[in-house]
Amino acid sequence: MAINDVQEKIDQFAALLEKYQASANERNDILNLRKALLQDLKEVAFENEVQKEEVWDRYRQLATIFRDKIEQTNLELDAFADEANRRILTLQVEIEKRIINNTPVKDDYTFLRQETDSVFEFIKQNNWPTKEARTTAWDQFNQLREQLRTRENEFYEKLREEREKKASQSNAFAEIILEATEHCHADSAADAAVDAWTTFLQKTTDQNLIVAQFEVRHKEEALKTPLKTLTEILRDIRKVVNDNREIFTWEDRQKVYDQFDKLKGALDVAWETHKQDLQKKRDEREQKKIEWEQKQRDFLTMMEGKLEKQIAYKDNLEKFGNGQQEFVVKLEARLSNQQEYLVKLYDDIDEMKMQYDAAWSSGFKERMQERIAQKKDKIQSVESDIEASKKRLLEVEDNVKAYPTRLLDAERSIEEIQSKIIEVRQKLKIEVQ
């Protein structure tokens, strides 16, 4: 080994220290160069003792600078780890305060998801002092995120169960209504309608529903004025429904009101004109259905293309791991947003129903029915999307769980290969690049 080659390596060592940014690759490069340089200094033949002392002094100065930089870097990395652990602990405290030791509401889950995203964006940085510190923090964070996701799913599942319970009660009352109104057709026997009315009052009382004090109807009077009796009975049944409308689901209430409208049309001369309007509305609804189906096919094509792009997004192992972590967050956010959106759609429908019930204009009712039908279609689309998102989330989480082991194996393999290369080059006395 010539002295010029050694001095050239020392210059290279100094240049690397000058631009040192504390990345893992740069640190390894400098460590490898220092190790090779130290070996060369032991083997090189100096021209004299003065030259030897000068060269060794410069090497020691650079080695000291390198140690100082390493110590400073370690302090910064330790500070990052402390801050990351503090944020994780803060997230844990918020979860305990809002959803474990309290009765959570939707805003609590929205806040905690935002906090979880913020912690994720911070700890995903490659500023950890050791692999063990990074792994420990990620394990704790993933446990908190899983705990939050489980609680959130339970929260929305409870909302769904409450909606199903209401649907069951609503269906039972709707059946009573429909059974009673079967005897309110314009061509029905008035005495049969009176019997049906009496049975209806008994059943609604048994159901603990709000029933006003209606006039007692007699068959004799009904036979004298059958049309008037049928009209009044239908009106009274509708009033009972209005007084108890909060127990209905929108679908059952719509079914009942459709029945009322149909029967009233048979008693109202203007019903024929209204039937023409309904036919026009059905045609428009069918056209919208066709357009909606086409949009869904287009959306399916777009999603298939998006899936192919996602599958292709695997440039290297580290990018793959980070991409999968971020994809978990995106899927959770999407699932949560869709669940919130689903609740909002149901709330919108309830609001539309109230507007429909309170409306007097037939034209407004038609437009409102059309909007409600569109909301219903959207609900089906969102529910399908939620199921697809849940399935995709499980697949991505499997990849995330396998990622740390694969990354660790890859890093160990790289270190072993680099070490072997240095060892072979030193044996062959080939300059380490």
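Checked against the criterion of being at pLDDT 90 or above and over 30 Å from residue 3 (Cβ atoms), the candidates 154, 146 yield just one match: 146. Residues that are touching a residue at least 12 places away in the same chain (Cβ under 8 Å) and among the polar types (S, T, N, Q) within segment 111-125 comprise 116, 118, 125, listed in sequence order.
Take residue 59 and tell me if it is part of a helix (DSSP H, G or I), assigned by TED's automatic domain parsing to the domain that holds residue 14, within 23 Å of residue 157 (Cβ to Cβ) and not polar (S, T, N, Q). In short, no. Applying the condition of being in contact (Cβ under 8 Å) with a residue 60 or more places away in the chain and of a type in the set (S, T, N, Q) to segment 27-62 and asking which residue is surrounded by the most Cβ atoms within 10 Å (Cβ to Cβ) yields 32.
Please give the number of the condition residue 153 fails out of (1) closer than 24 Å to residue 402 by Cβ; (2) in contact with a Lys or Arg (Cβ under 8 Å, 6 or more places away or on another chain). Condition (2) is where residue 153 drops out.
For residue 135, are the conditions met, namely being farther than 26 Å from residue 231 by Cβ and over 21 Å from the mean Cα position of the chain (by Cα)? So residue 135 passes the test.
Residues checked against (1) exposed (fewer than 13 other Cβ atoms within 10 Å of the Cβ); (2) closer than 21 Å to residue 20 by Cβ; (3) not aliphatic (A, V, I, L, M):
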| residue | (1), (2), (3) |
| --- | --- |
| 64 | yes, yes, yes |
| 69 | no, yes, yes |
| 113 | no, no, yes |
| 126 | yes, yes, yes |
| 129 | no, yes, yes |
| 134 | no, no, yes |
| 139 | yes, no, yes |
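Within the set 110, 90, 64, 103, the sole residue that is among the β-branched types (Val, Ile, Thr) and not in a helix (DSSP H, G or I) turns out to be 103. Of the set (1) touching a Lys or Arg at 6+ places or on another chain (Cβ under 8 Å); (2) modelled with pLDDT of 85 or more; (3) closer than 23 Å to residue 239 by Cα, all apply to residue 340 but (3). The single residue among 217, 238 that is basic (Lys, Arg) and either at pLDDT 75 or above or part of a helix (DSSP H, G or I) (or both) turns out to be 238. Can you spot a residue in segment 79-95 that is surrounded by 13 or more Cβ atoms within 10 Å (Cβ to Cβ) and under 18 Å from residue 330 (Cβ atoms)? Within segment 79-95, not a single residue is surrounded by 13 or more Cβ atoms within 10 Å (Cβ to Cβ) and under 18 Å from residue 330 (Cβ atoms).
The values are calculated or read from the model by the stated rules, or taken from the named source; none is laboratory data. Keep in mind that what you see is a predicted model, and the values were worked out from it rather than measured. For neighbour counting, all protein chains shown are included, and Cβ atoms are generated from backbone atoms with ideal geometry for every residue, glycine included.
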